[in-house]
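Here's the structure we're looking at; comments come further down.
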There are 2 protein chains.
Amino acid sequence: MKHSNLSIKEIAELAGVSVATVSRVMNKNGRYSAQTEQKVLDIIKKYNYKPNLIAKGLRTNNSLCIGIIVPDITNEFFAKIVRKLERAFFQRGYTVFVCNTDENSAVEDKYYRELAAKGVVGIIYVSGKTNKSIELGEIPTVYIDRTPTNATNAIVITSDNFQGGYLATKELIDNGCKNIIILRDSRQISTQTDRYLGYKKALEEANINVEDSNVINTTVGYDFAKETIISKIKDGMKFDGVFATTDWMALGVIDGVIKSGLRIPEDVKVVGFDNITISEFCAIPITTINQDVNSMALKAVTFILDMIHNQPIDTKREVIPVSLIRRKSI
Amino acid sequence: MKHSNLSIKEIAELAGVSVATVSRVMNKNGRYSAQTEQKVLDIIKKYNYKPNLIAKGLRTNNSLCIGIIVPDITNEFFAKIVRKLERAFFQRGYTVFVCNTDENSAVEDKYYRELAAKGVVGIIYVSGKTNKSIELGEIPTVYIDRTPTNATNAIVITSDNFQGGYLATKELIDNGCKNIIILRDSRQISTQTDRYLGYKKALEEANINVEDSNVINTTVGYDFAKETIISKIKDGMKFDGVFATTDWMALGVIDGVIKSGLRIPEDVKVVGFDNITISEFCAIPITTINQDVNSMALKAVTFILDMIHNQPIDTKREVIPVSLIRRKSI
């Protein structure tokens, strides 16, 4: 069967009904008899009619397209969010454009304009740059993970990063650690700051001083974390616990500690963050904080569809609980 | 700055030139003076004009949208391909719809119709079901990884899976293995069949009999591979080498062998396939076959753009070389 180029007018003629009736049947909208419906559907089936959604998008002002802007889908955390978003939108009739930015502001801006020009009716911004250099316009936008600093009234969905930092640090304290360092992203990102504040709270509760020298800012990623920890140990730094604010950093810390001749968990205990697959299957499975990716994605879909349909939204900020996953690094 | 709703006609009036000239400048197409170009660009900049690509798509018959159909972007191999495709298309002015199917035929078909209705000008099918139940129509389509059985003249880009199976098995033989089993996907997929044929070739070259009982068909994935290998060892099966046709299966085999009280690589040597991150960071890093994801993706982009622009394509099948990565499982 070839795609048919039948117009709605031709379908109406073939079915012996008006154009308005064909339109009502196709949109399942309004009054028509079961008999009329069957006649129209028979013609559509017989000629394999496919509605042109582009033209339809221009008429109804709903392209049924959503843009997802994300740093990098080869990062498992982002892949899981995008996957879940995409499926949820698909079930509701929407298709998604996926845009990887590598956290490059210029690429983000270019994508944003591209998506606007393509007529998307909503944008989900996953872990975008927090300081937007472009005007976001009136396209409904929901932010996941990071809070933009200059988008007023932004709708943000984020894990409870404060709780995550608190749970991770408390687990180290409860297992006897007295001298706990934190490895965090040197950029001032809301998620990282919240994890640090949770760390601080847990230490304060246990009457342990929060030493500035125990807060180590580094570039995220396995290699940087590994090199950093090796050089700190070489410099004579003493610690018995590490809260690494991502699992990849935790893995780097573990390998750096072992390379320095110390043992995990006997000499140093480590907690990560994210619960990516590698944290389960690496040599010493990592105790970590699990983010509820499914809830984050589903909440984002609900919010953006409400915005598209001009429904009121109760909240500007939705915080999703996290949980501690115990493995072998403590 | 708000988005401007200026029409091309209004831009022409403001710049004091004809509509045709504005169109030529915007499309960088044809003859106009540098002065005219500057006048038009100044107006566009001043009023922050954004071309409506949807309307443009309807006029030029090029929506600049590409559909990517893929089983699951949370699988790292697929994420890497989609990531590379997306970036390469973006650099050429195209945006991509990403559709995850879970290898479900009904979902694949629904997505295909959805993409057709949205006016995509090309589709990249990554590891799709090989037996299409729908007519693919005239949308230019390139297949990555798997060869469709009922799409005539399909353009297919695939790793050299035969060579991969051969290299993996030869590495086991060269390291002293005499009794090598293969774990493969029980579905008859072209990639898996080719890997098996490579395994067979390496054994034949070394004058080792290819025993039917050494060919183990299973469901892909870590858990199935682990359970399968544990039960085979329990049943008294003897082997000193395993070619697992995916890295996740290789990891399952390794954990199953260890759980059965045997040692890797002293008692059993293992090779995987794919070179996913986990194969590098797991407890016993896995010797594996690397697929050249970048070359596959770039070739797909070149082919589909040639098809969109009605350029002749020399080949119907592009086979990308693979390479052996040596680690600790041999």
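The values are calculated or read from the model by the stated rules, or taken from the named source; none is laboratory data. Please read these numbers as outputs of a predicted model, since none were measured by experiment. Neighbour counts run over all protein chains shown; Cβ positions are idealised from the backbone, glycine included. SASA here: full protein model, heavy atoms, side chains in, ligands and nucleic acids out. Shrake-Rupley method; radii C 1.70, N 1.55, O 1.52, S 1.80 Å.
Does region A:135-162 hold any residues that are at pLDDT below 70 and either away from chain B (no Cβ under 14 Å) or open to solvent by 30 Å² or more (accessible area, probe 1.4 Å) (or both), and which are they?
Once the filter is applied, which keeps residues that are at pLDDT below 70 and either away from chain B (no Cβ under 14 Å) or open to solvent by 30 Å² or more (accessible area, probe 1.4 Å) (or both), region A:135-162 yields A:Glu135, A:Gly137, A:Asn150, A:Ala151, A:Thr152.
Open to solvent by 40 Å² or more (accessible area, probe 1.4 Å) and not assigned by TED's automatic domain parsing to the domain that holds A:Ala168: is that true of A:Asp267 in this structure?
It is false that A:Asp267 is open to solvent by 40 Å² or more (accessible area, probe 1.4 Å) and not assigned by TED's automatic domain parsing to the domain that holds A:Ala168.
Hey, which of the helices (runs of 4 or more DSSP H) in region B:1-69, taking only ones fully inside, have at least 1 residues that are modelled with pLDDT of 70 or more, outside the structural domain of B:Gly119 (by TED's automatic domain parsing) and of a type in the set (A, V, I, L, M, F, W, C)?
B:8-15, B:19-26, B:34-46
Restricting attention to region A:205-245, and to residues there that are assigned to a strand (DSSP E or B) and touching a Ser or Thr at 6+ places or on another chain (Cβ under 7 Å), which single residue is surrounded by the fewest Cβ atoms within 10 Å (Cβ to Cβ)? Give the steps one after another, and end with the answer.
Here is the first cut: in region A:205-245, the residues assigned to a strand (DSSP E or B) are A:215-218, A:241-244.
Add one more test, that the residue is touching a Ser or Thr at 6+ places or on another chain (Cβ under 7 Å), and what stays is A:216-218, A:243.
Numbers: A:Ile216: 19, A:Asn217: 14, A:Thr218: 18, A:Phe243: 33.
Within region A:205-245, the match that is surrounded by the fewest Cβ atoms within 10 Å (Cβ to Cβ) is A:Asn217.
Of all residues in region B:292-330, count the ones that are open to solvent by 40 Å² or more (accessible area, probe 1.4 Å) and in a helix (DSSP H, G or I).
Total satisfying the criteria: 7.
Which condition does B:Ala106 not pass, out of (1) more than 7 Å from chain A (Cβ to nearest Cβ); (2) outside any loop (DSSP other than H, G, I, E, B); (3) under 17 Å from B:Leu305 (Cα atoms), if it passes all the others?
(3)
What residue, among those in region B:82-103 that are facing chain A (nearest Cβ under 8 Å) and within 17 Å of B:Leu64 (Cβ to Cβ), is most open to solvent (accessible area, probe 1.4 Å)?
B:Arg87
Please go through region B:109-122 and pick out each residue that is surrounded by 17 or more Cβ atoms within 10 Å (Cβ to Cβ) and at the interface with chain A (Cβ under 8 Å from one of its Cβ atoms).
Correct list: B:Tyr111, B:Glu114, B:Leu115, B:Ala116, B:Ala117, B:Lys118, B:Gly119.
Can you name the number of the only condition in (1) out of contact with any strand residue (DSSP E or B) (no Cβ under 9 Å at 6 or more places or on another chain); (2) part of a strand (DSSP E or B) that A:Ile123 fails?
Only one criterion in (1) out of contact with any strand residue (DSSP E or B) (no Cβ under 9 Å at 6 or more places or on another chain); (2) part of a strand (DSSP E or B) is unmet by A:Ile123, namely (1).
So B:Ile289 clears everything in (1) in contact (Cβ under 8 Å) with a residue 40 or more places away in the chain; (2) away from chain A (no Cβ under 14 Å); (3) surrounded by fewer than 24 Cβ atoms within 10 Å (Cβ to Cβ) except one condition, right? Which one?
(3)
Which of the numbered conditions does A:Phe224 fail, given that it passes all the others? Conditions: (1) closer than 26 Å to A:Thr147 by Cα; (2) touching a residue at least 40 places away in the same chain (Cβ under 8 Å).
Exception for A:Phe224: condition (2).
Say we look at region B:259-277 and pick out the residues that are within 14 Å of chain A (Cβ to nearest Cβ) and over 18 Å from B:Gly164 (Cβ atoms); which of these is modelled with the lowest pLDDT?
The extreme case among them is B:Thr277.
Could you list all residues from region B:171-204 that are surrounded by 20 or more Cβ atoms within 10 Å (Cβ to Cβ), of a type outside the set (Asp, Glu) and over 26 Å from B:Gly128 (Cβ atoms)?
If the condition is that a residue be surrounded by 20 or more Cβ atoms within 10 Å (Cβ to Cβ), of a type outside the set (Asp, Glu) and over 26 Å from B:Gly128 (Cβ atoms), then B:Leu172, B:Cys177, B:Ile180, B:Ile181, B:Ala202, B:Leu203 are the ones that fit.
Within the set of pairs 6 or more residues apart or between chains, which connect a residue that is more than 21 Å from A:Ser279 (Cβ to Cβ) and touching a residue at least 60 places away in the same chain (Cβ under 8 Å) inside region A:65-92 to a residue that is among the polar types (S, T, N, Q) and in a helix (DSSP H, G or I) with Cβ atoms less than 9 Å apart?
Close Cβ pairs (under 9 Å, with a partner that is among the polar types (S, T, N, Q) and in a helix (DSSP H, G or I)) amount to A:Ala88/A:Thr302.
Looking at B:Thr302, B:Thr228, which is the one that is closer than 23 Å to B:Thr191 by Cβ, within 23 Å of the chain's Cα centre (by Cα) and either polar (S, T, N, Q) or not assigned by TED's automatic domain parsing to the domain that holds B:Lys84 (or both)?
Criteria check complete, one pass: B:Thr302.
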